[in-house]
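J.: Okay, here's the structure, questions in a sec.
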Amino acid sequence: MNFFQAIIIAIVEGLTEFLPVSSTGHMIITTSLMGISSEEFTKLFTVVIQLGAIFGVVVYYWKRFINLKDFNFYIKLFVGIIPIIIFGFLFKKKVDLLLERVDIVAWSLLLGGVFLLFIDRLFKAETVDSQEKITWKDAFIVGLFQCIALIPGVSRAAATMTGGVYRKFNKAMAAEFSFFLAVPTMFAATVKDLWDFKKAGFTMTPYEIQLLVIGNLVAFVVAILTLRFAMSYIVKHGFKTFGIYRIIIGAAILIMLSSGIHLDLI
């Protein structure tokens, strides 16, 4: 991986992390196009730079995150990540094997896109319109939905927002809680992947460390710029546009793969 590739991947991460289109899926497609998806450092890079994007949430919502008097907020985030910790631990090896499967990403994008076309019609009863109304049970159930996103291409944001709408959150609260839940989730994922990388006997060169630093900085800046758009667009327009986009991308990739076209074009 070179600096140019690292910056491109980081931009993709920052643009897609908070939209229901799957940042992981888009990074897998991007690294496949670059011909570097199978490299061990690439797999680590695509997880670790998500931390930069997620830190954008902490900065953007800094008043919420430094409100140490609201312990209930932190408890709900802890309850929300319990399912992904359990499922991630149990199925991590199987999930890692899917990270090079562009076909899995394509099918996930396509099928998830079809679902997003109808989600606004399925859940219309919006009674949870503030963070205070979110219960521990709500947080846990949204966390269960988040586990679906272990499948590359599903989208963590789409899964958690769907969970929120299912629990009768309005769109603003579904989006916000999805953003908040991403912070401890991606922090835990980053620590786990760094540990596994080291445990497997891999080491990072000073150059690779520089790539991680640059990648996180770029993802952070782009994510900050994307957050406001993500929130306002979802609240005003719902999920249908993202569903159409996912269907187009997923179908295009499947057509390419079925035609024998390889994605490592760059």
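Any read-out appearing in this document is the output of simple, stated calculations on the displayed coordinates, not a laboratory observation. Please read all numbers here as calculations on a predicted model, not as lab measurements. Virtual Cβ from ideal backbone geometry, glycine too; neighbours counted across all protein chains shown.
J.: Would you mind working out the magnitude of the charge dipole of region 83-122 relative to its Cα centre, with +1 at each Lys and Arg C-beta and -1 at each Asp and Glu C-beta, to the nearest 20 Debye? Write down the numbers at each step before the final one.
T.: Working: 5 positive and 4 negative charges, 32 e Å.
In debye, rounded to 20, region 83-122 gives about 160.
J.: Please compute the modelled spin-label separation between I248 and L225, points set 7 Å along Cα→Cβ, answer in nm with one decimal.
T.: 2.1 nm
J.: Is the shape of region 20-117 rounded, prolate or oblate, going by the alpha carbon gyration tensor and its root eigenvalues a ≥ b ≥ c, with a/c under 1.5 for rounded and a/b larger than b/c for prolate?
T.: prolate
J.: Same structure, new question: Provide the net charge surrounding F41, with neighbours chosen by a C-beta distance below 12 Å and charges set as Lys +1, Arg +1, Asp -1, Glu -1.
T.: Numbers: positive: K43; negative: E39, E40, D193, E208.
With Lys, Arg at +1 and Asp, Glu at -1, the net is -3.
J.: Compute the long axis of helix 40-60 from its Cα atoms, compare it with the longest principal axis of the Cα atoms of the chain, and write down the angle in degrees, 0 to 90, nearest 10.
T.: 30 degrees
J.: On to the next question. Could you state the angle between the C-alpha long axis of helix 23-34 and the longest principal axis of the C-alpha atoms of the chain, as a value from 0 to 90 degrees rounded to the nearest 10?
T.: The angle comes out near 10 degrees.
J.: Please give me the summed charge of the neighbours of I234: other residues whose Cβ is under 12 Å from its Cβ, Lys and Arg +1, Asp and Glu -1. Mind dumping the intermediate values first?
T.: On the way: positive: K171, R228, K236, K240; negative: D120, E176.
Local net charge: +2.
J.: Please compute the net charge surrounding D196, taking Lys and Arg as +1 and Asp and Glu as -1 over other residues with Cβ under 13 Å from its Cβ.
T.: Combined, the nearby Lys, Arg, Asp and Glu give +3.
J.: Which angle between 0 and 90 degrees, to the nearest 10, do you get for helix 156-166 versus the longest principal axis of the chain when only C-alpha atoms count?
T.: The two axes meet at around 20 degrees.
J.: Which Cα, out of L110, L98, G238, lies furthest along the positive dipole direction of the chain (beta carbon charges, K/R +1, D/E -1)?
T.: Selected residue: G238.
J.: Calculate the spin-label point distance for V213 paired with K93, positioning each point 7 Å from the Cα along the beta-carbon direction, and give it in nanometres.
T.: Spacing of the two 7 Å Cα→Cβ label points: 3.6 nm.
J.: Only four residue types carry charge here, +1 at the Cβ of Lys and Arg and -1 at the Cβ of Asp and Glu. Report the dipole size of the chain about the Cα centre in Debye, rounded to the nearest 20.
T.: Rounded to the nearest 20 debye, it is 800 debye.
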